[in-house]
Amino acid sequence: MRYLAIYHPEKTYYDFVVPALWAALMLGGYWVMNPKPALFGETGLLRLVRDLLIMAVPFMVGALAAVAVGAPGGHLDRRMVGSEIRLDGEVLSARQFVCYLLGYLCFLGIAVLIAAVIATVGHDAVLGLTAGDPSVRLGVRLAGTAVLFAGLSSLTVTVLWRASTFSPSW
């Protein structure tokens, strides 16, 4: 989570604004679809998310290990040119920044994976608890779907933004 404390002029926009807009767009698109794609079950969105993250999280952990203990020198140990990336007043090297980034992505991936598993396991219990009140059931479904899309949008925007813009000059 220390990644979020890193300062760069563009970072807040891509860490919070774009993911929030993307999550709202995905949530709005999901709620206007008729029929809606299933969230649960063998072909549900949660199953697809879980399967994707089961592969992606170990890859990110491996990438973090490779970057953290990789050979010194080269581009990774230099400070990036241009707008400085700072944490606690110190300018970060590319290696430090990428380690914080991959650690944050690992955390996000694991958090979304755990949330998907909890939602799948607790689905029947929540249905039983909300059986008497359709408005509560709708609220729980809306909140759960919003949390899922918020986590996925933070994960995808961070991965795609950094993959498309990372260079030793930034």
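Overview of values
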{"quantity": "Subset of segment 76-90 that is surrounded by 12 or more Cβ atoms within 10 Å (Cβ to Cβ) and either hydrophobic (A, V, I, L, M, F, W, C) or in contact with a Pro (Cβ under 8 Å, 6 or more places away or on another chain) (or both) - its residue that is nearest to TYR3 (Cα to Cα)", "calculated": "LEU87"}
{"quantity": "Yes/no for SER154 being touching a residue at least 60 places away in the same chain (Cβ under 8 Å), out of contact with any His (no Cβ under 6 Å at 6 or more places or on another chain) and surrounded by 14 or more Cβ atoms within 10 Å (Cβ to Cβ)", "calculated": "yes"}
{"quantity": "Looking only at segment 24-49, and only at residues there that are β-branched (Val, Ile, Thr) and in a helix (DSSP H, G or I), the one that is surrounded by the most Cβ atoms within 10 Å (Cβ to Cβ)", "calculated": "VAL49"}
{"quantity": "Segment 113-128, subset of a type in the set (Val, Ile, Thr) and within 21 Å of LEU138 (Cα to Cα), residue surrounded by the most Cβ atoms within 10 Å (Cβ to Cβ)", "calculated": "THR120"}
{"quantity": "Residue match in segment 100-110 (condition: of a type in the set (Phe, Trp, Tyr) and in contact with a Phe, Trp or Tyr (Cβ under 6 Å, 6 or more places away or on another chain))", "calculated": "yes"}
{"quantity": "Cβ pairs under 7 Å, 6+ apart, first in segment 17-28 and more than 13 Å from ALA143 (Cα to Cα), second hydroxyl-bearing (Ser, Thr, Tyr)", "calculated": "PRO19/SER153; PRO19/SER154; TRP22/SER153; MET26/SER153"}
{"quantity": "Single condition PHE16 does not satisfy, out of (1) exposed (fewer than 14 other Cβ atoms within 10 Å of the Cβ); (2) at pLDDT 90 or above; (3) not in a helix (DSSP H, G or I)", "calculated": "(3)"}
{"quantity": "Which listed residue is under 19 Å from the mean Cα position of the chain (by Cα), in a helix (DSSP H, G or I) and either at pLDDT 95 or above or surrounded by fewer than 13 Cβ atoms within 10 Å (Cβ to Cβ) (or both), from LEU21, LEU52, LEU64", "calculated": "LEU21"}
{"quantity": "Hey, ASP88 closer than 30 Å to GLY122 by Cβ and either touching a strand residue (DSSP E or B) at 6+ places or on another chain (Cβ under 6 Å) or of a type in the set (Asp, Glu) (or both) or not", "calculated": "no"}
{"quantity": "Failed criterion for ASP88 (all others in (1) at pLDDT 90 or above; (2) under 20 Å from ALA63 (Cβ atoms) hold)", "calculated": "(2)"}
{"quantity": "Yes/no for LEU105 being touching a Ser or Thr at 6+ places or on another chain (Cβ under 9 Å) and crowded, with 19+ Cβ neighbours inside 10 Å", "calculated": "yes"}
{"quantity": "So ARG47, is it among the basic types (Lys, Arg) and touching an Asp or Glu at 6+ places or on another chain (Cβ under 6 Å)", "calculated": "no"}
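The values are calculated or read from the model by the stated rules, or taken from the named source; none is laboratory data. Because the structure is a prediction, the values reported are computed rather than measured. Glycine gets a Cβ as well: all are built from the backbone with ideal geometry, and neighbour counts include every protein chain shown.
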